[in-house]
Amino acid sequence: MTEFSTIYKLSLVAVFCLVQACSSSCPVLECWFVHEKGRGGLTSGGNQEKTLLYISTDEHGHPAESQRAPSDANPDRVFFITDPAGTLCQPPLNRPSGSAKKPQCEINPFLPHPSDLKWVAALTESTLSPLYLQADWFTTSHQDSKQQRTISSIMRAPPGAKEHNVILSVTSTTIDVQARLGEPVQLDCSFWVDPSSPLSGSGFAVEWRYQFRGDGRLVLAYDGKMDRVADIQEEGATLDFEGLHEKGNASLILQEAKVRHSGMYICTVYLPYLVAQVAVELEIVEPPTLSIYPSPLPLTVPGQTLIVQCEASGFAPLSLELSWEFKGTDGKSRPLGSGSVTGHRQAWDGTFSQSTRLELDTTNLDLGRGGEVTCVGVHPGGTRRASVTLNVIGFSTPSVEDSMAMVGVALVLYGLIKLVSWTFTSSGPDEADEQHKKKN
Ligand SMILES: *[C@@H]1O[C@H](CO)[C@@H](O)[C@H](O)[C@H]1NC(C)=O
């Protein structure tokens, strides 16, 4: 009985420790506090300050945490944040100690404001308690490219309070997406709203925008209050509407990847007066298809120069290295250089093509009896190869097959000569013809 109670107590302690560890395992985030974002276009070093974010997933975890704040830190530059969803507190965001590359994090003051975008305006039609908005608001944006995670949060502290609560967070777990041509593409984006906030349940809107080299356009806008797609500018773009309402899954689905889809996509989530967004980069990567001309190669005699052409087509992006290789009958491969590579052309679907021309000088290159000529295309989407067989005939050291073929040819020639000489000696060509016809 005593043993049992000891075990019981021990396991209780263990569970307690585990819970303690879990609730306090959030890493301290180091962020740059940017005072005047956007003013003057650039943020100079002068108006950003290092800030520490202490994150807890439950509201009562703070007093213990505050004791851990370094005494030399500026109290204004230490934030205590409650994030019930734990978005800011997931293990992948833990910075491994000693790692040189820190995740990027920025924190800015935020001013709640209504939006006059067509699909957002309805969210602020009903009058909300303005008291709730009169608070201390901040927005953080956090990127961990190594972990492929980006998070944007809006936090609020009631007036006079030191502790902030996450009200809205938007996350993507795919910062860089690569897709093959024609494949369906999914760009991850999800959001969480504090269910205890009066802003929750008053509707939301989701907007995906596309940006490439300063050129931006709308992809899709969804009005979550009316449950309707307010605007769609990209054919085949859609959302998982069920997942969106049930789990805040705002991932964009492109049914069929095209080259022109490469670029930056911005997922913006609107709540009444609040907005947060994350950016995702999509690149369509398609390796080339290689073909060699002429194929098969004509028989070649030593001393002859053969022109071989390799055409790479249907690839994207425009980043291809073409080269040639030769593999002799001895099985050894050796490089033949890149040949003369042409400029590229772009097809209607945005894919590129490029070719290379190789002059195969059979005397200089010591190609022996021939072998395999291979065109190699190295591309970010993968390495592709195409080969043709090269036959050099009449080479000085003929093989058994060559010798036999030569003997055969000699025999046939001998037979022909014999026949012709016999025909001419025995009779004239006309008679011989007549005899031939009679026999048939
Ligand atoms: C979000 O929706 C997409 C498309 O239906 C799905 O593939 C993905 O797994 C969902 N993500 C989550 C976290 O549920």
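The values are calculated or read from the model by the stated rules, or taken from the named source; none is laboratory data. Bear in mind the structure is a predicted one, so any value in this text is a computation, not a measurement. Every residue, glycine among them, receives a Cβ derived from its backbone with ideal geometry; neighbour counts consider all protein chains shown. Heads up: the accessible areas ignore ligands, DNA and RNA and are worked out on the full protein's heavy atoms, side chains in. Shrake-Rupley method; radii C 1.70, N 1.55, O 1.52, S 1.80 Å.
Here are the numbers:
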{"item": "Considering residues of the range 204-213 that are open to solvent by 40 Å² or more (accessible area, probe 1.4 Å) and in a strand (DSSP E or B) only, the residue nearest to the ligand (Cβ to nearest atom)", "result": "209"}
{"item": "Considering residues of the range 148-195 that are of a type in the set (S, T, N, Q) and touching an Asp or Glu at 6+ places or on another chain (Cβ under 6 Å) only, the residue farthest from the ligand (Cβ to nearest atom)", "result": "178"}
{"item": "The range 245-272 residues that are touching a residue at least 40 places away in the same chain (Cβ under 8 Å) and acidic (Asp, Glu), paired with ones that are within 12 Å of the ligand (Cβ to nearest atom) and open to solvent by less than 30 Å² (accessible area, probe 1.4 Å) (beta carbon under 9 Å, 6 or more apart)", "result": "256/185"}
{"item": "Residue tally, condition closer than 20 Å to residue 194 by Cβ, open to solvent by 10 Å² or more (accessible area, probe 1.4 Å) and part of a loop (DSSP other than H, G, I, E, B), over the range 118-176", "result": "10"}
{"item": "Residue 294, sole failed condition from (1) within 16 Å of the ligand (Cβ to nearest atom); (2) closer than 28 Å to residue 320 by Cβ; (3) open to solvent by 20 Å² or more (accessible area, probe 1.4 Å)", "result": "(1)"}
{"item": "So residue 274, is it open to solvent by less than 10 Å² (accessible area, probe 1.4 Å), closer than 30 Å to residue 122 by Cβ, within 16 Å of the ligand (Cβ to nearest atom) and out of contact with any helix residue (DSSP H, G or I) (no Cβ under 7 Å at 6 or more places or on another chain)", "result": "no"}
{"item": "Residue list for the range 214-245, filter: open to solvent by 30 Å² or more (accessible area, probe 1.4 Å) and within 15 Å of the ligand (Cβ to nearest atom)", "result": "238, 240, 241, 242, 245"}
